[in-house]
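Novice: Attaching a single structure in structure tokens format; questions to follow.
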Amino acid sequence: MTAENERRIPRAVHKVPTPPILKIYGFQCALVLLASVMLIPLDKVTAYSAVIGGMISVVPNAYFARQVFRYAGAAFAREVTRSFYRGESGKFVTTVAMFAATFALVQPLQVFVLFIAYLIVMLLNAVILARYAGLGKKI
Amino acid sequence: MGLALIAVALMIGFGALGTAIGFAILGGKLLEGSARQPELAPMLQGKMFLIAGLLDAVPMIGVGIAMYVLFVVVPGLPA
């Protein structure tokens with residue numbers, strides 16, 4: 001194929017932009033760690049409870065995002081759906097395992113702080129994703 | 001203690017059931033939409049990812065509370 005022919009061929013119409021998964025979840029991790037560092041002078045237990053709560057939200061979500069965007073495009077619709085289901089079941093199992101491990105192994109623990117951190121990171125994730133979709137940046 | 005375990009089972013079970021129904025509908029609609037308009041498939045995938053994040057938020061909180069009941073509340077209960 002000559003360079004001229006290459007220029008004539010239009011760029012792939014179905015080029016699929018994937019969201020910056022690493023950036024999104026890296027940002028969330030950084031925010032959780034920053035919040036916990038700020039909580040250390042207040043109370044150590046509160047600080048690590050917040051980190052654990054945040055990570056219980058970030059890690060399964062990152063796994064899910066990784067699975068969802070393994071395939072893309074109409075030609076791979078079946079694979080997309082399959083990896084979507086796999087990602088969701090993996091997310092569910094990971095969340096259950098992480099909560100179970102935390103409550104079974106970590107003592108002492110501030111349960112209220114853990115749940116609040118979990119909720120905040122979950123909402124943050126939804127807001128970031130909605131922002132990407134809403135601003136016209138295809139995710 | 002028995003009632004607490006039943007509560008845990010219900011929380012996890014119904015949480016998983018709700019999520020499964022939601023995801024089945026979502027996945028089915030994605031296949032349908034991709035078959036109808038293949039050029040929209042990437043956009044649909046992105047939107048589906050967003051909705052999926054919102055869909056399983058509440059069941060996941062339920063799972064967290066269930067784990068709390070199972071590992072913190074139940075061991076403290078008298079047998």
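The values are calculated or read from the model by the stated rules, or taken from the named source; none is laboratory data. Just so we're clear, the structure is a prediction, and the values are computed from it rather than from any experiment. Glycine also receives a Cβ, built like all others from the backbone with ideal geometry; neighbour counts cover every protein chain displayed.
Novice: From the list A:L129, A:L109, which residue is touching a residue at least 12 places away in the same chain (Cβ under 8 Å), facing chain B (nearest Cβ under 10 Å), under 17 Å from B:Q45 (Cβ atoms) and of a type outside the set (F, W, Y)? So that I can check it myself, show each step before the final result.
Specialist: Working: A:L109 fails: under 17 Å from B:Q45 (Cβ atoms).
Of the residues listed, the single one that is touching a residue at least 12 places away in the same chain (Cβ under 8 Å), facing chain B (nearest Cβ under 10 Å), under 17 Å from B:Q45 (Cβ atoms) and of a type outside the set (F, W, Y) is A:L129.
Novice: I've got another one for you. Would you check which residues across the range A:79-91 are closer than 17 Å to B:I25 by Cβ and within 8 Å of chain B (Cβ to nearest Cβ) and list them? Break it down into steps so the answer makes sense when it comes.
Specialist: First pass over the range A:79-91, keeping only residues closer than 17 Å to B:I25 by Cβ: A:80-82, A:84-85, A:87-89.
Scanning the range A:79-91 gives A:V80, A:T81, A:F84, A:Y85, A:E88.
Novice: Going by the conditions given, is A:F64 facing chain B (nearest Cβ under 8 Å), surrounded by 22 or more Cβ atoms within 10 Å (Cβ to Cβ), at pLDDT 90 or above and closer than 22 Å to B:K29 by Cβ? If you could, list the steps in order and put the result at the bottom.
Specialist: Numbers: facing chain B (nearest Cβ under 8 Å): yes; surrounded by 22 or more Cβ atoms within 10 Å (Cβ to Cβ): yes; at pLDDT 90 or above: yes; closer than 22 Å to B:K29 by Cβ: yes.
Spelling it out, A:F64 is indeed facing chain B (nearest Cβ under 8 Å), surrounded by 22 or more Cβ atoms within 10 Å (Cβ to Cβ), at pLDDT 90 or above and closer than 22 Å to B:K29 by Cβ.
Novice: What number of residues in the range A:15-53 are in a loop (DSSP other than H, G, I, E, B) and over 30 Å from B:M43 (Cβ atoms)?
Specialist: Residues flagged as in a loop (DSSP other than H, G, I, E, B) and over 30 Å from B:M43 (Cβ atoms) within the range A:15-53 amount to 4.
Novice: Now, a different point. Within chain B, which helices (runs of 4 or more DSSP H) (wholly inside it) include 2 or more residues that are at pLDDT below 85 and facing chain A (nearest Cβ under 8 Å)?
Specialist: Those helices (runs of 4 or more DSSP H) span B:41-55.
Novice: Right, another one. Tell me, please, whether a residue that is surrounded by 12 or more Cβ atoms within 10 Å (Cβ to Cβ) and more than 22 Å from A:A97 (Cα to Cα) can be found in the range B:50-65. Give the steps one after another, and end with the answer.
Specialist: Keep residues of the range B:50-65 that are surrounded by 12 or more Cβ atoms within 10 Å (Cβ to Cβ), which gives B:50-65.
Still in the running and more than 22 Å from A:A97 (Cα to Cα): B:50-51.
The answer is yes, given that some residue of the range B:50-65 is surrounded by 12 or more Cβ atoms within 10 Å (Cβ to Cβ) and more than 22 Å from A:A97 (Cα to Cα).
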